[in-house]
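Encoded as structure tokens, the structure appears first; notes follow it.
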Amino acid sequence: KISEMGYSTESAETLLDGVRMARASPCDVVLLDVNMPDGNGLDVLWEIREAPWPPEIIVMTGYGEESGAELAIRNGAWDYVQKPIKIRDLKQSLEDVLRFREKQERLPASDRPVRFNGVIGKCPKMALCLHRMIQAAARDVSVLITGETGCGKELFARAIHDNSPRSQKPFVVVDCAALPEKLVESILFGHVRGAFTGAERDREGLIRQADGGTLFLDEVGELPLHVQRSFLRFLQERTFRPLGGKTEIRSDFRLLSATHRNLDECVAGGTFREDFLHRIRTITLNLPPLRDRLEDLEELIRHCIAAICRRTGMCAKEFSPGFFDVLQAYQWPGNLRELSHAIESAVTEAGDNPVLFSQHLPEHIRVKVARASVTRSADEPASRRQPAALLPKLADFLDAHERRYLIDLLSQAGGDIGAACRVSGLSRSRFYVRLKKHGITRRF
């Protein structure tokens, strides 16, 4: 049917063949089926996006699932369509994709270098975030940055500001979670002398300070509802009145916001205004947690070590394989912030030792990794243990040996995924699923 529309097409019967084709020659669009003989199409979406000429991807499925649709769109798919597919809708989607790519090719390339300012990452998820960051920087619209605590939301906000036309103007940070509830409006909008008890002089608010530049509302989900209402009025009018003031003041700034909360759920729960949410998320940037971008872990570790050594005047340090293995096995609930603190602690503990070992890491990290590697509860009294409890569960035993096998296999294959797949007998998609399951990255 697609060839009848005048498009040149190629087809693949398996995910492995499809990924090979996408990497071997350029194409504009990939129609990716979810239910394939050798796995789930969503599992290889990132592999296709890593092609030398990244195509747009339209995901097709006969089993419509809301979670699958969300996963596809968040991971950069152009569209997610459910079978049976209407030819008219598919044709319209293809025409939109091709028109978009044609317009993109005609856009003049910017000769202005991109300033990443500490934003590090080359894995597919981070590459997509960086691409969207550069796009957002060029547009003077509101951006909402979402992600878990400590995953680098402020770093991205600063990068957007520093790559925007407002880069020479102020970048003003508002920590919404730390604003005193009784003073929040005064801090944001300012006040005049005598506006309330204790207001002994005029005070310029943060909104006025951001004039011409960027205002960053960190943890915007913590703003009280009455402040959201006041802020919404300002965003509509672009003027505000300080507390106790009689005249309206204009402030022109670019608004960036960040939150670790699901603001749609907050709206449903009545703690966040829907109209305010629409105003602050013209563009949304979803940052992945560290555990979902372990491909970048080694580079992040080296960056943190170098930065800490420069700041403290210590000699440059390397790290042992065991040090890396512990960091890789940890789940990082605190994300990049926790990683930075852990490495600073290790560098301090190591002192003049030029190599960091796992023993230099914080005890709580080593304990959690050690506990995760065994199944027997340390709290169970020895008197109550049965002989069988001295052995791990079969599933855990097999998982541990599968992880060791995969590490050895990758090492012997020199990081060549294709060679590793041939030796193991696994398809590429299944192999990647197992690597992700065990938190193994290609660092060989």
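The values are calculated or read from the model by the stated rules, or taken from the named source; none is laboratory data. All values reported here derive from a predicted model rather than from experimental measurement. Don't worry about glycine lacking a Cβ; one is built from the backbone with ideal geometry, like all the others, and counts go over all protein chains shown. Ligands, DNA and RNA are excluded from the accessible area calculation, which covers all protein heavy atoms including side chains. Shrake-Rupley method; radii C 1.70, N 1.55, O 1.52, S 1.80 Å.
Can you show me the helix-derived [θ] at 222 nm for the chain, built from DSSP H runs with n ≥ 4 at -39,500 (n - 2.57) apiece and divided by the number of residues, rounded to the nearest 500.
-13000 deg cm²/dmol
How much accessible area per residue does segment 256-364 have, counting only protein heavy atoms and a probe of 1.4 Å, in square angstrom? Display every interim value, and only then the final one.
Details: 5270 Å² over 109 residues.
Here the per-residue accessible area is 48 Å².
Protein chains only, probe 1.4 Å: how do V59, V81 rank by accessible area, largest first? The partial results should precede the final answer.
Numbers: V59 0, V81 35 Å².
Ranking V59, V81 by accessible area, largest first, yields V81, V59.
How many Å² of accessible area per residue for segment 117-222, probe 1.4 Å? Kindly include the intermediate steps, with their values, before the conclusion.
Details: 4780 Å² over 106 residues.
I get 45 Å² per residue for segment 117-222.
Would you be so kind as to identify which of P333, P26, Q236 lies farthest towards the positive end of the dipole of the chain, taking Lys and Arg as +1 and Asp and Glu as -1 on Cβ and the Cα centre as origin?
Q236
Going from most exposed to least, what order do R115, R337 have by accessible area with a 1.4 Å probe?
These residues rank, largest area first, as R337, R115.
In the chain, what percent of the accessible surface is made up of carbon and sulfur (1.4 Å probe, ligands and nucleic acids excluded)?
Details: 12240 of 24640 Å².
The nonpolar share, carbon plus sulfur, comes to 50 percent.
Mind grabbing the accessible area of R23 for me, 1.4 Å probe, Å², rounded to tens?
Per-residue accessible area (R23): approximately 80 Å².
Local charge sum around Y405 (other residues, Cβ-Cβ under 12 Å, Lys/Arg +1, Asp/Glu -1)? The partial results should precede the final answer.
Details: positive: R403, R404, R434; negative: D399, E402, D408.
Neighbourhood net charge equals 0.
Quick one: putting +1 on the C-beta of Lys and Arg, -1 on the C-beta of Asp and Glu, what dipole do you get for the chain around its Cα centre, in Debye to the nearest 20?
Details: 63 positive and 61 negative charges, 114 e Å.
With Lys and Arg at +1 and Asp and Glu at -1, about 540 debye.
Show me the helices of the chain, taken as full DSSP H stretches, that run 15 Å or more along their long axis by Cα and average 0.0 or above in Kyte-Doolittle hydropathy. Show your work: numbers first, answer last.
Numbers: long enough: 87-106 (29 Å, -1.41); 124-138 (22 Å, 0.59); 225-237 (18 Å, -0.18); 297-312 (22 Å, 0.33); 335-350 (22 Å, -0.14); 394-412 (27 Å, -0.10); 428-438 (16 Å, -1.44).
Those that clear 15 Å and a mean of 0.0 are 124-138, 297-312.
Shape of segment 265-315 from its Cα gyration tensor (a ≥ b ≥ c, root eigenvalues): rounded if a/c is under 1.5, otherwise prolate when a/b > b/c, or oblate? Let's see the in-between values first.
Values: a/c = 3.76, a/b = 2.71, b/c = 1.39.
Since a/c reaches 1.5 and a/b is larger than b/c, the shape of segment 265-315 is classed as prolate.
May I ask you to derive the FRET efficiency for M21 and I120 from their Cβ-Cβ distance with R0 = 25 Å, giving the value to the nearest 0.05? Walk me through the numbers on the way to the answer.
On the way: r = 32 Å, r/R0 = 1.27.
Between M21 and I120 the formula returns 0.20.
What spacing in nm lies between the two simple spin-label points modelled at V141 and R201, each 7 Å away from Cα in the Cβ direction?
Here the answer is 4.2 nm between the modelled labels.
Lys and Arg at +1, Asp and Glu at -1: add these up for the other residues within a Cβ distance under 11 Å of F319 and post the number. The partial results should precede the final answer.
Working: positive: R302, K317; negative: E298, E318, D325.
Value of the local net charge: -1.
To the nearest 20 debye, what charge dipole does segment 171-254 have about its Cα centre, counting +1 at the Cβ of each Lys and Arg and -1 at the Cβ of each Asp and Glu?
Working: 12 positive and 13 negative charges, 80 e Å.
It comes to approximately 380 debye.
What accessible surface, in Å², does a 1.4 Å probe find on C304, ignoring ligands, DNA and RNA and rounding to the nearest 10?
20 Å²
Check each of the chymotrypsin sites (Phe, Trp or Tyr not before Pro) in segment 15-101 and keep only those in coil by DSSP with at most 16 other C-beta atoms within 10 angstrom; list them in order. If you can, show how the numbers build up before the last one.
On the way: sites: W46, Y63, W78, Y80, F100; in loops: Y63, W78.
Those satisfying the criteria are Y63.
What list of ³J(HN,Hα) values in whole Hz, one per residue of segment 37-43 in order, does the Karplus curve 6.51 cos²θ - 1.76 cosθ + 1.60 (θ = phi - 60°) give from phi, with Gly and Pro shown as x?
Going residue by residue, I get x, 10, x, 8, x, 5, 5 Hz, with x marking Gly and Pro.
Could you sort F431, F357 by accessible area so the largest value comes first, with the probe set to 1.4 Å?
Details: F431 0, F357 85 Å².
Ranking F431, F357 by accessible area, largest first, yields F357, F431.
Would you please give the residues with an amide H less than 5 Å from that of A199, counting only those at least 5 places away or on a separate chain, with H modeled from the backbone geometry?
Result for A199 returns G194.
List every residue whose amide H lies under 5 Å from the amide H of I145, counting only residues 5 or more places away in sequence or on a different chain, with H placed 1.01 Å from N in the peptide plane.
Sorted by chain and number, the residues that satisfy this are S257, A258, T259, L285.
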